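Participant: Have a look at the structure that comes next, please.
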Amino acid sequence: MAKGVPVYFEMNDYVVNRLKLRPLVIFDMVLRTHSVIQAADLLNLSQPAVTKAIKELESQLNLLLFDRTSRGMQPTQAGLLLGSRVKILLAEMRYLADDINSFQQAGRGHVVVGTLLSGSAHLLPEAIIQLKNQSPNIVVTVIEGTTQALYSSLQQGELDLVIGRLPSKMSGFYQVSNFQHVTLYKEQLSLVVNPQHELLALGLLELPGLIDYPWILPLRTTLMRSLIMGYFNDYGLAEPENLIESVSILTNVNILLNSNAICCVSSLVAKQLEQYGLVTILPLGDIGEPIDVGYSYRKKGNLTPACQKFIHCLHQNMLSNP
């Protein structure tokens with residue numbers, strides 16, 4: 001099997017008839033972990049069984065799928081190509097299993113939701129609580145991540161929905177024709193600090209007087225970051241030099257509680273954290289233009305009954321909490 005084999009092969013009936021689902025599941029796990037050992041542990045298989053499955057798959061396809069290196073199992077170009085298709089195939093198999101479960105026994109299913117920070121404040125938790133009250137046997141899996149990571153997973157069928165701040169209409173994620181975006185409400189941004197922060201005793205506050213404090217901001221690739229930069233620019237200020245980039249709410253709250261940092265978060269998240277006594281909102285008003293918050297899904301992916309119920313809960317919560 002040549003290492004430089006072109007990433008093209010004829011998927012004839014003989015190959016299709018011989019391919020089985022289990023080796024593809026094993027291949028996908030090795031691709032994710034870059035490790036035969038980790039893949040074996042996660043799939044509860046022996047290492048020889050995983051190695052054998054990969055070798056048999058390479059033999060059937062007449063392609064080298066991985067380079068065995070000191071950095072682990074690194075996918076070849078052919079391995080990456082196959083991996084993108086296998087992810088979609090496994091996602092469709094999950095949808096099929098959910099459809100069958102729903103047909104055999106109403107009220108069962110599985111929803112995999114990707115969430116951005118803005119969706120985690122009340123939209124997602126309230127929808128999950130309502131769904132579980134109505135259909136306790138539906139399993140909900142929540143995955144937190146950045147916009148880029150979550151929308152890439154949605155494209156590959158690994159997620160049913162992405163919930164939170166919707167992409168800018170100018171962004172590539174918004175313009176992907178395969179995505180449907182649904183706005184549920186709009187929000188802005190707020191600045192929060194430790195409830196005992198020294199700034200709270202100063203009275204009148206203005207942004208120029210805050211610039212030298214440590215700041216916690218979202219990643220540079222996010223819409224939220226660009227809005228914050230516009231806020232600084234309106235005051236003729238450059239971005240703070242004393243900077244922490246983080247989208248981890250637990251990390252950010254703990255930094256705030258133990259330092260004099262300033263953090264920019266969605267207004268709804270800020271209000272909820274303030275209700276819990278974890279932060280205080282600085283009296284500077286909301287930041288930036290209102291941002292659309294809602295959910296996104298793949299147009300070409302048939303929504304399972306469980307996912308449809310979850311979406312119904314999202315809309316019901318908006319009707320009861322406008």
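The values are calculated or read from the model by the stated rules, or taken from the named source; none is laboratory data. Remember, it's a predicted structure, so these values are computed and weren't measured experimentally. Positions of Cβ are backbone-derived with ideal geometry, glycine not excepted, and every protein chain shown enters the neighbour counts. All accessible areas refer to the heavy atoms of the entire protein, side chains included, with ligands and DNA or RNA removed. Shrake-Rupley method; radii C 1.70, N 1.55, O 1.52, S 1.80 Å.
Participant: Starting from the Cα of LYS87, draw a straight line to each of the lysines and keep only those under 23 Å, dropping any in the same chain fewer than 8 residues away.
Facilitator: Correct list for LYS87: LYS20, LYS52, LYS55, LYS299, LYS300.
Participant: Over the heavy atoms of SER152, what accessible area does a 1.4 Å probe trace out, to the nearest 10 Å²?
Facilitator: So the heavy atoms of SER152 present about 50 Å² to solvent.
Participant: Can you compute the label reach from LEU205? Point 7 Å from Cα along the Cβ direction, backbone N cut-off under 12 Å, restricted to the range 272-302.
Facilitator: 279-286
Participant: Where does the chain land at 222 nm, in deg cm²/dmol rounded to the nearest 500, when only DSSP H runs of n ≥ 4 count, each adding -39500 (n - 2.57), divided by all residues?
Facilitator: About -13500 deg cm²/dmol.
Participant: Shifting gears a bit: Which of THR51, THR183, THR147 moves most in a GNM of the chain, Cα contacts under 10 Å?
Facilitator: Looking only at THR51, THR183, THR147, the largest GNM fluctuation is found for THR51.
Participant: Would you work out what percent of the accessible area of the range 183-268, with all protein chains in place, is carbon or sulfur (probe 1.4 Å)?
Facilitator: Numbers: 2220 of 4160 Å².
C and S fraction of accessible area: 54 percent.
Participant: Quick one: helix 21-33 against the long Cα principal axis of the chain, what's the angle to the nearest 10°, folded into 0 to 90?
Facilitator: Approximately 40 degrees, to the nearest 10.
Participant: While we're looking at this one, here's another question. Could you give the spread of the C-alpha atoms of the range 264-320 along their three principal axes, from largest to smallest, in whole angstroms?
Facilitator: Largest first, the range 264-320 extends 45, 24, 19 Å along its Cα principal axes.
Participant: Also, quick follow-up: Starting from the Cα of GLN196, move 7 Å in the Cα-to-Cβ direction to define the label point; list residues of the range 279-313 whose amide nitrogen is under 18 Å from there.
Facilitator: Backbone N within reach: 279-281.
Participant: As an exercise, identify the GluC sites (Glu not before Pro) in the range 205-260 lying in DSSP coil whose Cβ has no more than 15 other Cβ atoms within 10 Å. List each step's numbers first, then the result.
Facilitator: Values: sites: GLU206, GLU241, GLU245; in loops: GLU206, GLU241.
Hits after loop and neighbour filter: GLU206, GLU241.
Participant: Can you give the angle from 0 to 90° between the axis of helix 305-320 and the longest principal axis of the chain, with both taken from C-alpha atoms, to the nearest 10?
Facilitator: With rounding to tens, the tilt is 10 degrees.
Participant: In nanometres, what is the gap between the two model label sites at LEU21 and LEU219, each 7 Å from Cα along Cα-to-Cβ?
Facilitator: Distance between label points: 3.2 nm.
Participant: Between HIS312 and VAL142, 0.36 nm times their residue separation minus their Cα-Cα distance comes to what?
Facilitator: Between HIS312 and VAL142, full extension yields 59.5 nm more.
Participant: A further question on this structure: Please give the FRET efficiency for HIS34 paired with LYS299, using the beta carbon to beta carbon distance and R0 = 35 Å, rounded to the nearest 0.05.
Facilitator: After rounding to 0.05, the efficiency reads 0.65.
Participant: Angle, helix 223-234 long axis vs. longest principal axis of the chain, Cα atoms, 0 to 90°, nearest 10?
Facilitator: 30 degrees
Participant: If you don't mind, there's one more thing I want to ask. What does the charge count near VAL86 come to, summing +1 for each Lys or Arg and -1 for each Asp or Glu among other residues with Cβ under 14 Å from its Cβ?
Facilitator: My count for the surroundings of VAL86 gives +2.
Participant: So, R0 is 41 Å and r is the distance between the beta-carbons of GLN180 and LYS52; what FRET efficiency does that work out to, to 0.05?
Facilitator: Computed FRET efficiency for GLN180 and LYS52: 0.45.
Participant: Continuing with the same structure: Starting from 0.36 nm per residue, how many nanometres of slack lie between ASP41 and TYR276 once their C-alpha separation is accounted for?
Facilitator: 80.6 nm
Participant: Would you tally the net charge around SER190, using a Cβ to Cβ cut-off of less than 12 Å, leaving SER190 out, and scoring K and R as +1, D and E as -1?
Facilitator: -2
Participant: Hey, another quick one. Which percent of Cα pairs goes in each bin when the distances of the chain are cut into 20 angstrom slices starting at zero?
Facilitator: 27, 48, 24, 2
Participant: In the calculated pair distance distribution of the range 211-306, what percentage of Cα-Cα distances lie above 15 Å? Please list the in-between numbers first.
Facilitator: Working: 3082 of 4560 pairs.
Counting every Cα pair in the range 211-306, those more than 15 Å apart make up 68 percent.
Participant: Let me ask another. Where the convex hull is taken over the Cα atoms of the range 137-234, what is its projected area averaged over directions, in nm²?
Facilitator: Its average projected convex-hull area is 9.6 nm².
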